[in-house]
Structure formats: C-alpha cells, structure tokens
1. Please find, within segment 21-50, the residue that is modelled with the lowest pLDDT out of those that are closer than 27 Å to Thr96 by Cβ and out of contact with any helix residue (DSSP H, G or I) (no Cβ under 9 Å at 6 or more places or on another chain).
2. Within the set of pairs 6 or more residues apart or between chains, which connect a residue that is within 11 Å of Leu70 (Cβ to Cβ) and aromatic (Phe, Trp, Tyr) inside segment 13-34 to a residue that is in a helix (DSSP H, G or I) and open to solvent by 50 Å² or more (accessible area, probe 1.4 Å) with Cβ atoms less than 9 Å apart?
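The values are calculated or read from the model by the stated rules, or taken from the named source; none is laboratory data. Just so we're clear, the structure is a prediction, and the values are computed from it rather than from any experiment. Note that we place each Cβ from the backbone using ideal geometry, even for glycine, and neighbour counts take in every protein chain shown. Protein only, heavy atoms only, side chains kept; ligands, DNA and RNA dropped before computing areas. Shrake-Rupley method; radii C 1.70, N 1.55, O 1.52, S 1.80 Å.
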Amino acid sequence: MAFLKNISPTGQSDTELVSLYRQSGDLQVLGAIYQRYMDLVYGVCLKYLKDPEASKDAVMQIFEELVIKLKKHEVENFKAWLHQVAKNYCLMQLRTPRNLKTVEIPASLMQNEEDVHLNGVLEKEENIKNLEICISALPQDQQLMIKMFYLEGKCYNEIVEATGHEWNQVRSFIQNGRRNLKLCMEKNQKSGVSSL
C-alpha cells in the first residue's frame, strides 16, 4: 500500500495512539495508527470488492470514515475494530443499487402460479402437522414453555410468573425445547412423516 505510506511511524501502542487521537483530533496521529493496518484493510476490501482499484479507493474512504467514527466509539482492540469497520464498509458498497445485478429468468423455467400456490399450501400444512407432532413429543416442561413462549407470545418473566419456575430454568427449557424441536422436525422431514 505504497500510495499512503508517507506518514512517519511511531513507537506508541495502538491504544495510546487511539487515545491521543480522540483527545487531539490530530490526523497525523490517526494516519500513524492507520498506516499499521492498511495492508489488512486493503486485503479485506479486495476479498469483498474483488477489484484492486476499488479496494484502494475503499482504503481511502475508510480512513475518512475513521476521522469521525473513532471519536464516537470506545475502541479497545483497534485492529479487530478496524477489520469490522472495513468489512461493514465493503458490504455496504456491495449493497448499493449500482452493484446489484439482475438476471432475467426465461418464462419457460417458471412454474405455473397455481402450482406454486398449491405446493406452498400443501408444504405449509405438512410443516404444521410435523410441528404439532414434534411439540407433543417434547418433555412436558419443554412443551409447556415452547407453547407459552412461541404460541402465546409470553416473555420469560411472564412465564416465570405463571409457572413458578426460576428464570434460568425457563430459559433452559425453551432453549432445549427449541433444539429438540429442530432435531425432530429435521428427522421427520428426512423420513417423510406426512404418512403419520
């Protein structure tokens, strides 16, 4: 990244430089810490953008974002934080309308609307039947907590109040119940439970 390596290096730690920049707003300080990780930022950008020139531009844009962002955020690990900032920047670039590509699908490949709707209805009915079977197969406490949380829309505290169980027990029953439901649903879908 020779295009930005004109800032003199310093012996201070990342934490010291971040703190100094937050206090002073001196761009030379920000440049000194950014220079350490420009290759990392460029690599992240190249990974996502797949274009060397766009990645170089992104490195410069990210530096400009840091001028403001670093003053607003408490940063304990600058390298990890910067990696996330670079990744987020690239993902946002990829989401912009100019980067979205559309593909026209030939009509011959599309299903008839009526067939799709009927298949969707049958699939939903099958999933609901499968879900009912799996809920009834859960241990009683898990079954009760799953029904209260997902079907009745109660929060943990309401379930604690209604059942007398401790908050951690309720959470455990819901988590275990959800995991067991998922396993049951997957197993039944593989074995074609609709015959039950």
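1. Lys50
2. Tyr21/Leu27; Tyr21/Lys71
Here's the yes/no breakdown for (1) closer than 27 Å to Gln28 by Cα; (2) modelled with pLDDT under 70; (3) surrounded by 13 or more Cβ atoms within 10 Å (Cβ to Cβ):
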position	(1), (2), (3)
Ser55	yes, no, yes
Phe63	yes, no, yes
Ala80	yes, no, no
His83	yes, no, yes
Arg98	no, yes, no
Thr102	no, yes, no
Ala107	no, yes, no
